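Quick notes on the structure that follows.
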Amino acid sequence: MLSINMDDVMQVVSNIQNYLIAFGVVLVLALLVMFAARKMPKAKKKMIRAQSGLAILLALAIVVNLICTGPMSTMLDLVSGEGSISEETSAEATELVNEITQEGIVLAQNDDSILPVASGSKLNVFGWASTSPCYGGTGSGALNDAYPVTDLLTGLHDAGIETNDELSKFYTDYCSTRPSVGMAQQDWTLPEPNVSLYTDEMMANAKAYSDTAMVVITRVGGEGADLPTDMSAVVDGSWVRRVADYRGSQRGAGYYNGSYDDSLNEGNDWDAGEKGSTFRSRRHTNANRFTDKIDNRIENGNTGQWFEISTVNF
């Protein structure tokens, strides 16, 4: 069950506070009138109190109607499935999201001012995630597929940057879709080609194409689906059983309902006790063959652990 976001609740209250204040004023006045009539003759007192009660009900009905047709109109329409978001509102939301995204990117390293990459440049984009990006997390952070997205390669192309089609085809041929990670069930498979699959011919072609490379690494996680603390347990199927050992039943096991396909490459991807935030060095490409490197990734640990890096973008 999802918890209530108190920030959202307070935002709703803020939107309707003037209506609530108006109703509060009417309520207090009606109660004062009813109290003041307590010493009047019984018939007159009964009539005044009845009229005051009707005034309260009428004020409540008016305020509720104004709220439902005013500040809460769009929300109620969307909840009922009858509403739609205007193009103007959608454009404003898109502008805000772009602004938040830009402010959330941290340029941690930029040796020799490699970034920004100039329009008209050629770029080798390494990493399977470059062809299947993660656009959102899980739960409330999940992406609504009703709205279009711009993938990483298209974004580069739109900026006038050419990318190595041979590399992109290599990744899509290897695995064309991203494993699904949700709140109820998670496929934590990392479809990253083993370094042995990068042939000398492919690397030579990449070197001839451009001396600049971007390495893209992605991890999926979010609400109700944090990265597992023991990937080997996910691989052997014992991860989901831990909740039963802890709680005495399988109830609420969605958080542990993870799987992993360890057959994509030769050898085991994970050693016992390795966490989901780890990325095995044997899965990395030979990007150190290039003179300039751009590493666009989310990674725990030393960013220069496996190869020389000129630029780091989070």
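Quick look at the numbers
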| read-out | value |
| --- | --- |
| Residue exposure sequence - Thr74, Thr89 - by fewest surrounding Cβ within 10 Å | Thr89, Thr74 |
| Distant-in-sequence amide H partners of Val125 (H built 1.01 Å from N, under 5 Å) | Asn164, Met214 |
| Ile100-Lys42 pseudo-label distance in nm [points 7 Å out on the Cα-to-Cβ vector] | 6.3 nm |
| Backbone HN-Hα couplings from phi across region 193-204 [Karplus 6.51/-1.76/1.60, Hz, Gly and Pro as x] | x, 5, 4, 5, 7, 7, 6, 4, 5, 4, 5, 5 |
| Efficiency of FRET between Lys169 and Ser238 - r from beta-carbon atoms, R0 45 angstrom, step 0.05 | 0.75 |
| Sites Ala142 and Asp200, calculated FRET efficiency, Cβ-Cβ separation with R0 35 Å, nearest 0.05 | 0.30 |
| Quarter of Cα convex hull surface for region 16-171, i.e. mean projection, nm² | 15.9 nm² |
| Region 29-117 pair-distance distribution - Cα-Cα, 10 Å bins, rounded % | 13, 19, 16, 14, 15, 10, 7, 4, 2, 0 |
| Given charges at beta-carbon only (K, R positive; D, E negative), |dipole| of region 1-86 in Debye | 1220 debye |
| Gain in span if fully extended, Thr89 to Ile21, counting 0.36 nm per residue against the direct Cα distance | 21.7 nm |
| Value of relative contact order over region 1-90, rounded to a whole percent, pairs C-alpha under 8 Å and six or more apart | 25 percent |
| Space enclosed by the convex hull of the alpha-carbon atoms of region 98-139, per residue, Å³ | 147 Å³ |
| q = 0.13, 0.23 Å⁻¹: log10 I(q)/I(0) that the Debye formula gives for region 63-154, counting C-alpha atoms only | -0.72, -1.45 |
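Values quoted throughout were computed directly from the atomic coordinates according to the rules given, and no laboratory measurement underlies them. All figures in this text were calculated on a predicted structure; none of them were measured in a lab. Every residue, glycine as well, gets a Cβ built from its backbone with ideal geometry; the counts of neighbours run over all protein chains shown.
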